[in-house]
Amino acid sequence: MAYNNEDQKNQKQKREPKEFEEKVIQISRVSKKTKGGNKSGFSVLMVVGDKKGQVGVGLGKASDVIGAIKKGIKKARKKMITIPLDGTTIPFSVEVKKGAGVVMLKPAPKGSGVIAGGPIRAVVEAAGIRDISSKIMGSENKASSVYATFEALTQITKLVKIKNIKLRSIAEIEAEEKKKAEEIQAKDKKAAQEAKAKEASEAKPAAKKVVKKPVAKKPAVAKKPAAKKE
């Protein structure tokens, strides 16, 4: 019975959706020289986001990989920022250099999707950005690209606050799309009804014309001449 209860608890935990999406970007083995000898461990770069505009990056270090992942998640949650989105994309383009990493982020029209490499894609998708175009212009190191992307998103947040740029939320855009879809459906329905009515009118047989038969005229009877009186 005890095992069954534990299994049920584990199943419930698996079914419950996570509040934040966690992605492992890079796992590195590190060693440190000490008096007692070399001390080895692991460093893990993590990206955490809720896919609703919040994202964070953290580097965790520990003697084992699981411990490093937990520390990385904890640090990433502490450093989370809220990114201002213009619908499903960023409000303007930005190019940022952070250390050896240089990245360029550009807004993209709706439906374009995420046009980005692995490190940038991980950060952008965790933040909930659906349409964006990007390019890695500096080092190809994953950690450098992730930190540069996070810095670019931080700069966008600061500029929007300073300039007081008005943006549309995803909810507003979804409401607009819903309204447009309803209008299109109404038009299609109306057109279908009109076509159906037209077909029905064409299918009806034409009304028969009543043809009047000519009435045969009776032959005229010749009048007898009146008899003459003598």
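Contact annotation: residue pairs with Cβ atoms under 8 Å, 6 or more positions apart or on different chains, pairing a residue in the range 142-158 that is aromatic (Phe, Trp, Tyr) with a partner that is part of a helix (DSSP H, G or I), are Phe150/Val123.
Let's see how each residue does on (1) part of a strand (DSSP E or B); (2) over 14 Å from Gly53 (Cα atoms); (3) of a type in the set (Gly, Ala, Ser); (4) open to solvent by 10 Å² or more (accessible area, probe 1.4 Å):
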position: Pro119; (1), (2), (3), (4): no, yes, no, yes
position: Val123; (1), (2), (3), (4): no, no, no, no
position: Ala126; (1), (2), (3), (4): no, no, yes, no
position: Tyr147; (1), (2), (3), (4): no, yes, no, yes
position: Phe150; (1), (2), (3), (4): no, no, no, yes
position: Lys158; (1), (2), (3), (4): no, yes, no, yes
position: Leu167; (1), (2), (3), (4): no, no, no, yes
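Per this entry, Ala175 is counted among residues that are closer than 20 Å to Lys52 by Cβ, part of a helix (DSSP H, G or I) and within 27 Å of the chain's Cα centre (by Cα). Every condition in (1) over 13 Å from Leu153 (Cα atoms); (2) buried (at least 17 other Cβ atoms within 10 Å of the Cβ); (3) touching a Ser or Thr at 6+ places or on another chain (Cβ under 8 Å) is met by Ile69 except one, and the failing one is (3). Of the residues making up the range 28-62, those that are open to solvent by 90 Å² or more (accessible area, probe 1.4 Å) and either in contact with a Ser or Thr (Cβ under 8 Å, 6 or more places away or on another chain) or over 24 Å from Ile132 (Cβ atoms) (or both) are Arg29, Ser31, Lys32, Lys33, Lys35, Asn38, Lys39, Lys61. Comparison of Lys158, Lys163, Lys180, Lys98 shows that the only residue that is at pLDDT below 90 and under 19 Å from the mean Cα position of the chain (by Cα) is Lys180.
Only residues that are assigned to a loop (DSSP other than H, G, I, E, B), touching a residue at least 40 places away in the same chain (Cβ under 8 Å) and of a type outside the set (A, V, I, L, M) were counted across the range 77-109, and they come to 6.
The values are calculated or read from the model by the stated rules, or taken from the named source; none is laboratory data. Computed from a predicted structure; not experimentally measured. Neighbour counts run over all protein chains shown; Cβ positions are idealised from the backbone, glycine included. Protein only, heavy atoms only, side chains kept; ligands, DNA and RNA dropped before computing areas. Shrake-Rupley method; radii C 1.70, N 1.55, O 1.52, S 1.80 Å.
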